[in-house]
Amino acid sequence: THVACGWNHSMAIGIDGQVHCWGDDSSGQCRAPSMLMESLDGGQHHSMGRLIDGTVVCWGSNESGQCGISGTDFVSVDVGYNHAMALRADGTVACWGASVYGQCDVPEIEFQKVSTGQRHSIGLSIDGTIHCWGDNSLGQCDGPKGIFVDLDAGYHHNIALAADGSVTCWGLNSSGQC
């Protein structure tokens with residue numbers, strides 16, 4: 001019912017709600033707990049899932065604290081290289097793990113969606129504006145102005161869908177991804 005990729009592993013939630021993982025399991029990132037999950041995502045050496053009740057669980061490497069979260073009332077999860085974020089129903093965001101570049105320094109505003117890159121994070125506020133924080137060495141935090149309805153972060157680049165239907169990309173463009 002849901003699929004996700006980590007850096008070198010893949011995951012799927014079966015119709016029974018159980019997580020099935022395959023690929024690199026060198027840090028336990030494919031050893032999902034036996035719990036019913038609704039969504040999931042993967043990072044470099046860790047994975048994260050959201051249970052039906054909104055609880056977030058993590059497994060795999062915790063060398064940067066990227067599995068150090070607890071709580072409920074989360075509506076979505078997103079995993080970066082060594083950090084992770086979860087969006088709460090009230091629009092607030094929890095972010096944890098590596099924050100050497102400020103990728104966990106979430107602005108104190110309400111979000112409708114968040115996404116993580118390697119060392120940066122982005123969010124779509126409830127008013128439709130884009131906010132970026134963390135590493136900007138490749139322009140990945142030079143977000144566009146305007147009103148947007150969706151976004152996603154790549155490794156060193158981002159993409160956003162504007163309210164008028166146009167698509168904007170910014171950040172590293174070494175392979176034509178922008």
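The values are calculated or read from the model by the stated rules, or taken from the named source; none is laboratory data. This structure is a prediction, so every number in the text was calculated from the model and none was measured. In this analysis, Cβ positions are derived from the backbone assuming ideal geometry, glycine residues included, and neighbour counts consider all displayed protein chains. In case anyone asks, the SASA skips ligands and DNA or RNA and just uses the protein heavy atoms, side chains included. Shrake-Rupley method; radii C 1.70, N 1.55, O 1.52, S 1.80 Å.
Observations, loosely collected:
- Strands (runs of 3 or more DSSP E) completely within the stretch 101-178 that count 3 or more residues being small (G, A, S) and closer than 21 Å to L87 by Cβ: 120-125
- Residue in the stretch 63-71 that is open to solvent by 30 Å² or more (accessible area, probe 1.4 Å), more than 11 Å from the chain's Cα centre (by Cα), under 25 Å from G14 (Cβ atoms) and of a type in the set (V, I, T) present: yes
- Residue check, G49 touching a strand residue (DSSP E or B) at 6+ places or on another chain (Cβ under 6 Å), under 28 Å from G128 (Cβ atoms) and open to solvent by less than 10 Å² (accessible area, probe 1.4 Å): no
- Single match in W7, W59 (criterion: modelled with pLDDT under 90 and within 18 Å of the chain's Cα centre (by Cα)): W7
- Residue selected from the stretch 113-152 under the condition without any contact (Cβ under 8 Å) to a residue 24 or more places away in the chain and among the polar types (S, T, N, Q), by the criterion surrounded by the fewest Cβ atoms within 10 Å (Cβ to Cβ): S137
- When the stretch 35-50 is filtered for residues that are within 16 Å of the chain's Cα centre (by Cα) and not acidic (D, E), the ones remaining, listed by number, are S39, L40, G42, G43, Q44, H45, H46, S47, M48, G49, R50.
- Given (1) out of contact with any Cys (no Cβ under 7 Å at 6 or more places or on another chain); (2) buried (at least 16 other Cβ atoms within 10 Å of the Cβ); (3) hydroxyl-bearing (S, T, Y); (4) within 26 Å of T55 (Cα to Cα), number of the condition T92 does not satisfy: (2)
- V93 vs. criteria of a type in the set (A, V, I, L, M, F, W, C) and either out of contact with any strand residue (DSSP E or B) (no Cβ under 6 Å at 6 or more places or on another chain) or within 22 Å of H20 (Cβ to Cβ) (or both): no
- None of C141, C178 is modelled with pLDDT under 95 and not aliphatic (A, V, I, L, M) except C178.
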